[in-house]
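Note sheet for the following structure.
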There are 2 protein chains.
Amino acid sequence: MTESLDAKQKREEALLSAFLEMVRSPDGDFGVIDRLAAASADLESLQLMIQSLSRHPQGKLAFATYPRVGVVDLEQLALLPSHTLGYTYAQHMIKNNLKPLQMKPSNNDYEFLGAHITETHDIWHVITGFETNIIGEIQLEAFYVSQMRFSRFWLALITKNLLKTVVYDIERSTEYMDAIAQGWLLAKHAQPLFGIDWKLLWEKPLTELRDSLNIKIL
Amino acid sequence: MTESLDAKQKREEALLSAFLEMVRSPDGDFGVIDRLAAASADLESLQLMIQSLSRHPQGKLAFATYPRVGVVDLEQLALLPSHTLGYTYAQHMIKNNLKPLQMKPSNNDYEFLGAHITETHDIWHVITGFETNIIGEIQLEAFYVSQMRFSRFWLALITKNLLKTVVYDIERSTEYMDAIAQGWLLAKHAQPLFGIDWKLLWEKPLTELRDSLNIKIL
């Protein structure tokens, strides 16, 4: 079903308006982020994203089996040896005062896409080595734009950060552009992270996982 | 003189509004570009830019002597040998149906900054090898953001192109991000172009100039 011209224009205006609300809001306002995510999630770009991710066998399998991280016990993971993914992830979550999100089950490709990206976000932080400060978030946003083609959301976040810099904080432009280039180039050489069943990998050494994904820490 | 809080907020709103006008306009609307340039040119960022450019001897000399390209005779330049900057510049201008701009004389640093950047823009296209299509413009915008620190204008242009991609054209995100990374990395390794007295260099071989500026064509 093709979107009517009128519906398309309304959707574009809603996206622009959610974007501007985000530019005017302080960083880390999750209500605003949720509204931007909703306004970015039109059927056409989601379908393009799912098609594109399914071209890789790992992505194709993920859309067939919907692997979910499920309930994560940080205290248990923190008992693993310190070189493992699980231990490093637990430390990352505890240090940043974060709790694993309990997402609803996935009943279709769109729900799986959203739930998988949300629940693996902090694993992507750990595996890429990108921190949770603004520079690390921008690096990771650029990484997502490369790995999740056709996602309006992640490119909107980079664009939001650049527009804030233009208007409020031009002194930081060099740092932000460096962060974009770093995330972009890391993703270009990396294997796709989308669709990995991370709950099977908690006990693996982090450096071994990074090597197998061709992620070279800066 | 420090800007009052009220004046600062008005300036920020004017910049956001000029930016949005540009996002909603077709590319190449020069009236809109002029309004964005005016809204980007607050005293504080201009002063930071001039200070930063003056840290390099070439920039310092330029602000002392205001070297201007002046009147350019494209027909004369087109008679130079084909390996020269002048010949290549003339071909670039003729092919793109462009005429050198006749800028007013510069009476102070701010006027020189604006006039120099405007009248050398197409020379920067030629020297970097970046074309005048949207990809080449984005590559050159990223190059400017690196070489002209504290310029709100060039970062605003990149941001405008990204926001248009987010809302209207998500299929092109990979191309645009590649263009940003290419322009950014080229500029990182290049010598500063700001302040070069190009009219003395028309007869120089283009490859020799690029080598001396450490510009490696992609």
Open item on the list: Please determine whether any residue of the range B:134-156 is away from chain A (no Cβ under 11 Å), among the charged types (D, E, K, R) and farther than 22 Å from B:Ala38 by Cβ.
Closed with: no
TODO: Run A:Thr118 past the list (1) in contact with a Leu (Cβ under 7 Å, 6 or more places away or on another chain); (2) closer than 25 Å to B:Gln182 by Cβ; (3) of a type in the set (S, T, N, Q) and report the number of the one that doesn't hold.
DONE: (2)
TODO: List the number of the failed condition for B:His83; all other conditions in (1) open to solvent by 90 Å² or more (accessible area, probe 1.4 Å); (2) touching a residue at least 12 places away in the same chain (Cβ under 8 Å); (3) within 14 Å of chain A (Cβ to nearest Cβ) hold.
DONE: (3)
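Mind telling me which of the residues A:Gly59, A:Gly114, A:Gly28, A:Gly70 ends up being on the phi > 0 side of the Ramachandran plot and within 17 Å of the chain's Cα centre (by Cα)?
Working: A:Gly59 fails: on the phi > 0 side of the Ramachandran plot; A:Gly114 fails: on the phi > 0 side of the Ramachandran plot; A:Gly70 fails: within 17 Å of the chain's Cα centre (by Cα).
Selected residue: A:Gly28, the only one of A:Gly59, A:Gly114, A:Gly28, A:Gly70 that is on the phi > 0 side of the Ramachandran plot and within 17 Å of the chain's Cα centre (by Cα).
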Open item on the list: Can you tell me which of (1) touching a helix residue (DSSP H, G or I) at 6+ places or on another chain (Cβ under 7 Å); (2) farther than 16 Å from B:Ile33 by Cβ; (3) not basic (Lys, Arg) is the one B:Asn108 doesn't meet?
Closed with: (1)
Open item on the list: Only one of B:Met177, B:Met148 is surrounded by 23 or more Cβ atoms within 10 Å (Cβ to Cβ) and either more than 13 Å from the chain's Cα centre (by Cα) or closer than 24 Å to A:Asp169 by Cα (or both). Can you tell me which?
Closed with: B:Met177
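Are any residues in the range B:38-68 in a helix (DSSP H, G or I) and either at pLDDT below 95 or open to solvent by 40 Å² or more (accessible area, probe 1.4 Å) (or both), and if so, which ones?
Looking only at the range B:38-68, we keep the residues that are in a helix (DSSP H, G or I), and these are B:38-40, B:43-54, B:57-65.
Residues satisfying the conditions are B:Ala38, B:Leu43, B:Glu44, B:Gln47, B:Leu48, B:Gln51, B:Pro57, B:Gln58, B:Lys60, B:Leu61, B:Ala64, B:Thr65.
Would you be able to tell me the number of residues in the range B:101-115 that are in contact (Cβ under 8 Å) with a residue 40 or more places away in the chain, under 16 Å from B:Gln51 (Cα atoms) and touching a Lys or Arg at 6+ places or on another chain (Cβ under 9 Å)?
Taking the range B:101-115 as the starting set, the residues that turn out to be in contact (Cβ under 8 Å) with a residue 40 or more places away in the chain are B:106, B:109-110, B:112-115.
Of the ones still in play, those that are also under 16 Å from B:Gln51 (Cα atoms) are B:109-110, B:112-114.
When the remaining residues are screened for being touching a Lys or Arg at 6+ places or on another chain (Cβ under 9 Å), the result is B:112.
Count: 1.
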Task: Conditions (1) modelled with pLDDT of 95 or more; (2) more than 22 Å from A:Lys99 (Cα to Cα); number of the one not met by A:Ser25 - done: (1)
Open item on the list: Any residue at all in the range B:158-169 that's of a type in the set (A, V, I, L, M) and open to solvent by 10 Å² or more (accessible area, probe 1.4 Å)?
Closed with: no
TODO: Could you list all residues from the range A:1-43 that are within 12 Å of chain B (Cβ to nearest Cβ) and among the acidic types (Asp, Glu)?
DONE: A:Glu12, A:Glu13, A:Asp42
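Look at A:Pro100 and say whether it is open to solvent by less than 50 Å² (accessible area, probe 1.4 Å), more than 14 Å from chain B (Cβ to nearest Cβ), at pLDDT below 95 and under 17 Å from the mean Cα position of the chain (by Cα).
yes
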- [ ] May I ask you to list the residues in the range A:166-188 that are over 14 Å from A:Val145 (Cβ atoms) and more than 9 Å from every other protein chain (Cβ to nearest Cβ)?
- [x] A:Asp169, A:Arg172, A:Glu175
Open item on the list: Can you say whether B:His116 is part of a helix (DSSP H, G or I), in contact with an Asp or Glu (Cβ under 8 Å, 6 or more places away or on another chain) and either modelled with pLDDT of 95 or more or over 20 Å from B:Gly28 (Cβ atoms) (or both), as far as the supplied structure shows?
Closed with: no
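Here is a check on your reading of the model: is B:Asp197 open to solvent by 30 Å² or more (accessible area, probe 1.4 Å), closer than 26 Å to B:Ser25 by Cβ and at pLDDT 95 or above? I'd like the intermediate steps shown before the answer.
Working: open to solvent by 30 Å² or more (accessible area, probe 1.4 Å): yes; closer than 26 Å to B:Ser25 by Cβ: no; at pLDDT 95 or above: yes.
Judged against the criteria, B:Asp197 is not a match.
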Task: Every residue from the range A:1-16 that is modelled with pLDDT of 90 or more, open to solvent by less than 70 Å² (accessible area, probe 1.4 Å) and of a type outside the set (Asp, Glu) - done: A:Ala7, A:Arg11, A:Ala14, A:Leu15, A:Leu16
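When you look at B:Glu203, is it more than 9 Å from every other protein chain (Cβ to nearest Cβ) and without any contact (Cβ under 8 Å) to a residue 12 or more places away in the chain, yes or no? Walk me through how you get there before you give the answer.
On the way: more than 9 Å from every other protein chain (Cβ to nearest Cβ): yes; without any contact (Cβ under 8 Å) to a residue 12 or more places away in the chain: no.
No.
The values are calculated or read from the model by the stated rules, or taken from the named source; none is laboratory data. Nothing here was measured: the structure is a model prediction, and the numbers come from that model. Cβ: placed from backbone, ideal geometry, glycine included. Neighbour counts: every protein chain shown. Side chains included, ligands, DNA and RNA excluded: accessible areas come from the protein's heavy atoms. Shrake-Rupley method; radii C 1.70, N 1.55, O 1.52, S 1.80 Å.
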